[in-house]
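Working notes, beginning with the structure itself.
The values are calculated or read from the model by the stated rules, or taken from the named source; none is laboratory data. The structure displayed is predicted, hence computed values, not measured ones. In this analysis, Cβ positions are derived from the backbone assuming ideal geometry, glycine residues included, and neighbour counts consider all displayed protein chains. Each accessible area value is taken on the protein alone, full model and side chains, heavy atoms only, with ligands, DNA and RNA left out. Shrake-Rupley method; radii C 1.70, N 1.55, O 1.52, S 1.80 Å.
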Amino acid sequence: MDTLVMIIAYFLTGFLGGFIGSMTGLGGASIATPILSTILGVPLRLSIATSFATITANSIASSARYILEGLTSIRLGILIALPALLGVVVGVYTNISLDIRIIYILYGLTTISLIILGHLKTWFGRVFRIEGISIKRLDLFIVRGDYIDRSENRNIHFEAHNYIPAIPLMMLSGFIGGLFGIGGGVVNVITMEMVMGVPIKVAVATSTYVIGYISSVGSILYWKKGFLSMVIASLMIPGMILGSTLGSSLMPRMRSQYVRILFEAVALFLAFRMLLEGLSH
Amino acid sequence: MMRDYRSIQIKLYRFGILISLVMLVSGLSLALYLNSGEASKIFDVSSVRDLGISGSLMIAGLIVLLTLPLLSLIVLAIESIISRDRNSFILYIILAVLMILVIAGI
């Protein structure tokens with residue numbers, strides 16, 4: 001591939017990952033890794049590790065904005081990062097020990113599941129409440145906080161409950177993150193919103209903050225194992241920051257649901273490509 | 001109490017954005033340095049070390065960027081000692097130690 005074309009391709013991959021990832025709520029790496037591995041021909045583990053490093057930078061850039069706006073709950077973020085971190089370690093070592101075909105197949109299936117899970121969020125929360133996890137009984141760690149809702153222009157107080165039931169879910173989120181080099185934002189947000197009762201805006205901001213911790217550790221582990229391309233990461237990072245900034249600022253203004261569906265179709269297409277890649281290997 | 005720590009974290013994270021731009025410049029120069037025939041070098045992690053200032057700058061940038069969350073955690077822990085917020089300090093230090101142990105491979 002010509003050098004200039006290569007530079008543009010990696011920058012665009014980062015941009016598309018950030019843009020579509022923020023539009024669909026899947027996160028940048030879920031889009032960038034399939035593009036890198038199935039379209040640009042980068043080896044899968046290298047794609048996973050490089051995308052993981054890229055989302056660290058993306059998380060840092062987005063968190064700076066969210067913390068400034070007072071939407072991030074730092075204490076809650078640290079609490080849920082603890083189990084997620086353990087999950088990441090297991091995920092990274094599982095990835096290294098698995099056959100590459102299995103990773104392709106699992107990657108495709110996980111992305112498809114995450115898209116479906118995003119749509120079934122309401123149902124998921126209802127099931128949790130039907131199961132009757134008592135908020136009061138499980139309150140070993142309660143995190144209280146408040147944030148300013150700019151759309152309503154008022155201060156909103158919140159309390160995060162149910163830390164204990166959230167632990168296995170955050171471990172799962174970390175495991176998915178470590179295994180596929182993705183942030184696991186969908187699982188994080190569902191856990192915080194549906195299980196812990198955190199307002200969606202705080203959940204999204206805190207999830208972004210947590211992703212910074214888990215992806216930094218995960219990508220360092222991959223780096224130590226020799227699966228990280230610094231050149232590709234350097235070219236992708238600014239593209240992804242730009243894409244996710246644009247995507248997250250455009251998303252609230254998008255009136256039509258069709259736009260989101262269109263981007264989800266792109267994400268699904270990439271997930272199926274990963275699946276087919278694994279099956280055809 | 002937690003809100004008092006925000007400014008230092010924002011400064012650190014903004015520094016991270018700056019590092020990303022430095023990485024873009026070094027990445028661009030390194031990618032331009034490699035001609036198309038040597039494109040496979042991009043996948044060879046160990047060879048980047050031998051590619052002069054751009055390579056070193058990129059490695060330094062990536063190390064700073066990837067350790068920035070840990071660094072911010074340590075700064076937050078120090079801040080919480082100063083403001084005598086024991087609960088927060090314990091929380092920060094547990095995560096920081098855990099991260100260091102994992103990174104060090106213990």
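For residues in the range A:55-76 being over 12 Å from B:Ile17 (Cα atoms) and of a type in the set (Ser, Thr, Tyr), which is surrounded by the fewest Cβ atoms within 10 Å (Cβ to Cβ)? If you could, list the steps in order and put the result at the bottom.
Going residue by residue through the range A:55-76, those that are over 12 Å from B:Ile17 (Cα atoms) are A:55, A:66-76.
Next cut, of a type in the set (Ser, Thr, Tyr) only: A:66, A:72-73.
Details: A:Tyr66: 23, A:Thr72: 28, A:Ser73: 26.
This residue is A:Tyr66.
Pick from the range A:92-107 the residues that are of a type in the set (Phe, Trp, Tyr) and surrounded by 22 or more Cβ atoms within 10 Å (Cβ to Cβ): which of them is nearest to A:Ser173 (Cα to Cα)? Let's see the steps before the verdict.
First, the residues of the range A:92-107 that are of a type in the set (Phe, Trp, Tyr): A:93, A:104, A:107.
Now restrict to residues that are surrounded by 22 or more Cβ atoms within 10 Å (Cβ to Cβ): A:104, A:107.
Values: A:Tyr104: 18, A:Tyr107: 14 Å.
Ranking the candidates gives A:Tyr107 first.
Which of the residues spanning the range B:85-106 are open to solvent by 10 Å² or more (accessible area, probe 1.4 Å), without any contact (Cβ under 8 Å) to a residue 24 or more places away in the chain and part of a helix (DSSP H, G or I)? Working first, answer last.
The first filter runs over the range B:85-106 and keeps only residues open to solvent by 10 Å² or more (accessible area, probe 1.4 Å), leaving B:85-87, B:89-91, B:93-94, B:97-98, B:100-106.
Then keep just the ones that are without any contact (Cβ under 8 Å) to a residue 24 or more places away in the chain; that gives B:86-87, B:89-91, B:93-94, B:97-98, B:101-102, B:104-106.
Within the range B:85-106, B:Arg86, B:Asn87, B:Phe89, B:Ile90, B:Leu91, B:Ile93, B:Ile94, B:Val97, B:Leu98, B:Leu101, B:Val102, B:Ala104 meet the criteria.
Take the conditions open to solvent by less than 10 Å² (accessible area, probe 1.4 Å) and modelled with pLDDT under 85 and apply them to A:Gly184. Does it pass? Even if it seems obvious, please write down each step before you answer.
Working: open to solvent by less than 10 Å² (accessible area, probe 1.4 Å): yes; modelled with pLDDT under 85: yes.
Spelling it out, A:Gly184 is indeed open to solvent by less than 10 Å² (accessible area, probe 1.4 Å) and modelled with pLDDT under 85.
Going through the range B:75-84 one residue at a time, which ones are more than 10 Å from chain A (Cβ to nearest Cβ) and either open to solvent by less than 80 Å² (accessible area, probe 1.4 Å) or touching a helix residue (DSSP H, G or I) at 6+ places or on another chain (Cβ under 7 Å) (or both)? Show your work before the answer.
Keep residues of the range B:75-84 that are more than 10 Å from chain A (Cβ to nearest Cβ), which gives B:75, B:77-84.
Passing the criteria: B:Val75, B:Ala77, B:Glu79, B:Ser80, B:Ile81, B:Ser83.
Report yes if A:Ile241 is surrounded by fewer than 24 Cβ atoms within 10 Å (Cβ to Cβ) and of a type in the set (A, V, I, L, M), otherwise no.
On the way: surrounded by fewer than 24 Cβ atoms within 10 Å (Cβ to Cβ): no; of a type in the set (A, V, I, L, M): yes.
Spelling it out, it is not the case that A:Ile241 is surrounded by fewer than 24 Cβ atoms within 10 Å (Cβ to Cβ) and of a type in the set (A, V, I, L, M).
Is it true that some residue in the range A:17-26 is open to solvent by less than 20 Å² (accessible area, probe 1.4 Å), more than 10 Å from chain B (Cβ to nearest Cβ) and not in a helix (DSSP H, G or I)? Working first, answer last.
Applying the first criterion (open to solvent by less than 20 Å² (accessible area, probe 1.4 Å)) to the range A:17-26 yields A:17-18, A:20-21, A:23-24, A:26.
Next, only the ones that are more than 10 Å from chain B (Cβ to nearest Cβ) stay: A:17-18, A:20-21, A:23-24, A:26.
Next, only the ones that are not in a helix (DSSP H, G or I) stay: A:26.
Yes.
If we only count helices (runs of 4 or more DSSP H) wholly inside the range A:169-273, which ones have 2 or more residues that are in contact with a strand residue (DSSP E or B) (Cβ under 8 Å, 6 or more places away or on another chain) and not aromatic (Phe, Trp, Tyr)?
Values: elements: A:185-190, A:200-224, A:230-250.
So the answer is A:200-224.
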